[in-house]
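Student: Pasting a structure below so you can have a look.
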Amino acid sequence: MKTLEIAPDERPDAGALWLLVRRYRRRNGYDYYVTASPALEGRLPRPLPIGGLGFASYEAAHLFSQGLAAAQDVDTLYLTFTPPEHTSHWPALALPSVHPWEAENLSEEVDEAPEPGPPDAGQWLDALLERCAGRPAVPTAIAHPCDAASLGAAMEAAEHGLIRPVLVGPEHKIRRAAEAAGVDLRGVQIIPEPHSHAAAAQAVALVRAGQAQLLMKGSLHTDELMHAVLDKTLGLRTERRVSHVYIVEAPTYPRPLLITDAAINISPNLEEKRDIVQNAIDLAHVMGIRTPKVAVLSAVETVNPKLQSTIDAAALCKMADRGQITGAVIDGPLAFDNAVSPQAAKDKGIKSPVAGRADILVTPDLVSGNVLAKQLTFLADADAAGVALGARVPIILTSRADAERTRVASCAVAALMASEGPRA
């Protein structure tokens, strides 16, 4: 396998078969992430995690790349860093011989955990869009898209080939919104309804009738749409609790963070939290995270009978041990700092496969989840995409304040869930 060095901002031919190792600086060294070309991703039995498969040393990343290259007849490995002249300059490699697909599950001690480094901007969304490319657009009922922001969001997603919008609401208001947004509605189906309540009910009915595979919020209030979704007779209920997940890309964290629930469940009990956790795990699987690490948050990392969130966290961990929650590694209670920072976990003596490496953050209630997601967005320059899960179909919940990138990400995630995700 030949090895070629490229500049950090250089991208090889997307149609060729290659692997790429990126190096990110951390406090006391570097992290290494292996990604594959879109052409190679299409041949793999499972996609690599969004953002790449992470390793603590170059040798470990190279070992994985060699195994994957041999299995897929790949002859080129690109590097975005200059390795040392002599391999002896690297720490001794202490990994057992494993098949490449099992490498991401190797256990690590917290003492050796890497400090997260900054990812390439837009990498995870690019990976989502690449996976959506070539798939048919998903028929999507848009409930009451009567302002420029909500209608523009739907049409942006349509331009990316993610959805085929069906606009439901007062036609004169929809066309007025189209003029304000500067979008062309030729060829777009409009189903007239007199007001937002009727639009929500009709959009849900389209899903029930099989005429739409996604539901998207327009300019009506979230609770108005969810009232139609949760109607016991005419809604989209399943046995699973409906919950919301924010997918957050923070510049200082090396992978997407899933934060739940920040929009629907105000003060969930233990049974409801079980569904909230499972919904987020199912989403992580669709995103390519094989075994997500779930941190159940509280203010402290020890169980305190006076703090209900710590008791719930401990119970959720035991439910995972007994198979009531599946598909992830779960730990809690964990405070936010030791959920995302290996150094904070080390300082507090926490040895856990989740601490410092969380993929999913489960907050105690809606207020804490909403505050956390918005703090990351407005104070840490993070991007966040939102989707509601647990109903018959994914529900896209965008906000007027969302950037175009965020709105497109919400639709991309929901489209993948509609085509790949498990049904509750």
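Every number here is computed from the coordinates shown, using simple stated rules; none is lab data. Quantities reported herein were computed from a predicted structural model and do not represent experimental measurements. In this analysis, Cβ positions are derived from the backbone assuming ideal geometry, glycine residues included, and neighbour counts consider all displayed protein chains.
Student: When we measure straight from the Cα of LYS346, which lysines land under 22 angstrom away, once same-chain ones fewer than 8 places off are left out?
Tutor: Output for LYS346: LYS293.
Student: Run through the DSSP bridge list for segment 243-390 and note the antiparallel percent, rounded to the nearest 5.
Tutor: In segment 243-390, approximately 50 percent of DSSP beta bridges are antiparallel ones.
Student: Further, regarding this structure: Counting Lys and Arg as +1 and Asp and Glu as -1, each charge on the Cβ, what is the dipole of segment 167-217 about the Cα centre in debye, to the nearest 20? Write down the numbers at each step before the final one.
Tutor: Values: 6 positive and 4 negative charges, 15 e Å.
Once rounded to the nearest 20, the dipole reads 80 debye.
Student: Right, another one. Taking the Cα-to-Cβ direction at ALA71 and at LYS351 and moving 7 Å from each Cα, how far apart do the two end points lie in nm?
Tutor: Distance between label points: 3.0 nm.
Student: Starting from the Cα gyration tensor of segment 137-229, take the square roots of the eigenvalues, sort them a ≥ b ≥ c, and report rounded, prolate or oblate (rounded when a/c is under 1.5, otherwise prolate if a/b is larger than b/c, else oblate).
Tutor: Here segment 137-229 falls in the oblate category.
Student: If we count other beta carbons within 10 Å of each Cβ, what is the order of TYR246, TYR33, TYR58, fewest first?
Tutor: The fewest-first ordering by Cβ neighbours comes to TYR58, TYR33, TYR246.
Student: On a full-extension model of 0.36 nm per residue, what is the gain between ARG186 and ILE311, subtracting their alpha-carbon distance, rounded to one decimal in nm?
Tutor: So the extension gain works out to 39.5 nm.
Student: Mind putting a number on the dipole of segment 210-319 about its Cα centre? Charges go on the C-beta only, +1 for Lys and Arg and -1 for Asp and Glu, and I need it in Debye to the nearest 20.
Tutor: Dipole of segment 210-319, to the nearest 20 debye: 280 debye.
Student: Same structure again: Would you please give the residues with an amide H less than 5 Å from that of ASN265, counting only those at least 5 places away or on a separate chain, with H modeled from the backbone geometry?
Tutor: HIS244
Student: Treating the beta-carbon of each Lys and Arg as +1 and of each Asp and Glu as -1, no other charges, what is the dipole magnitude of segment 278-424 about its Cα centre, to the nearest 20 debye?
Tutor: So the dipole magnitude of segment 278-424 works out to roughly 220 debye.
Student: For the charge dipole of segment 137-229, defined by +1 on Lys and Arg C-beta atoms and -1 on Asp and Glu C-beta atoms about the Cα centroid, which residue among PRO139, ALA153, GLY210 has the Cα displaced farthest towards the positive pole?
Tutor: The residue sitting farthest along the positive end of the dipole is GLY210.
Student: Follow-up question, since we're still on this one. Give me HIS144, HIS160, HIS62, HIS195 ranked fewest to most by other Cβ atoms within 10 Å of their Cβ, as a rough exposure proxy.
Tutor: Listing HIS144, HIS160, HIS62, HIS195 from fewest to most nearby Cβ atoms yields HIS195, HIS160, HIS62, HIS144.
Student: Could you derive backbone 3J(HN,Hα) for segment 218-233 from the dihedral phi with the Karplus parameters 6.51, -1.76 and 1.60 (θ = phi - 60°), listing whole Hz in sequence and x where the residue is Gly or Pro?
Tutor: Residue by residue, segment 218-233 yields x, 8, 7, 6, 4, 5, 5, 5, 5, 4, 6, 4, 8, 4, 5, 9 Hz.
Student: In addition: Neighbour counts of other C-beta atoms within 10 Å: give me ARG240, ARG322, ARG43, ARG255 arranged from fewest to most.
Tutor: ARG322, ARG43, ARG240, ARG255
Student: Sorted by packing (mean other beta-carbon atoms within 10 Å per residue), highest first, where do 278-288, 168-178, 405-415 land? Spell out each step's value before the answer.
Tutor: Working: 278-288: 23.6, 168-178: 20.4, 405-415: 25.7.
Peptide ranking by packing, descending: 405-415, 278-288, 168-178.
Student: Among LEU366, ALA412, THR326, which residue has its Cα furthest toward the positive end of the charge dipole of segment 297-424, with +1 on Lys/Arg Cβ and -1 on Asp/Glu Cβ?
Tutor: Selected residue: THR326.
Student: For VAL229, what charge total do you get from the other residues with a beta carbon under 14 Å from its beta carbon, if Lys and Arg give +1 and Asp and Glu give -1?
Tutor: Value of the local net charge: +4.
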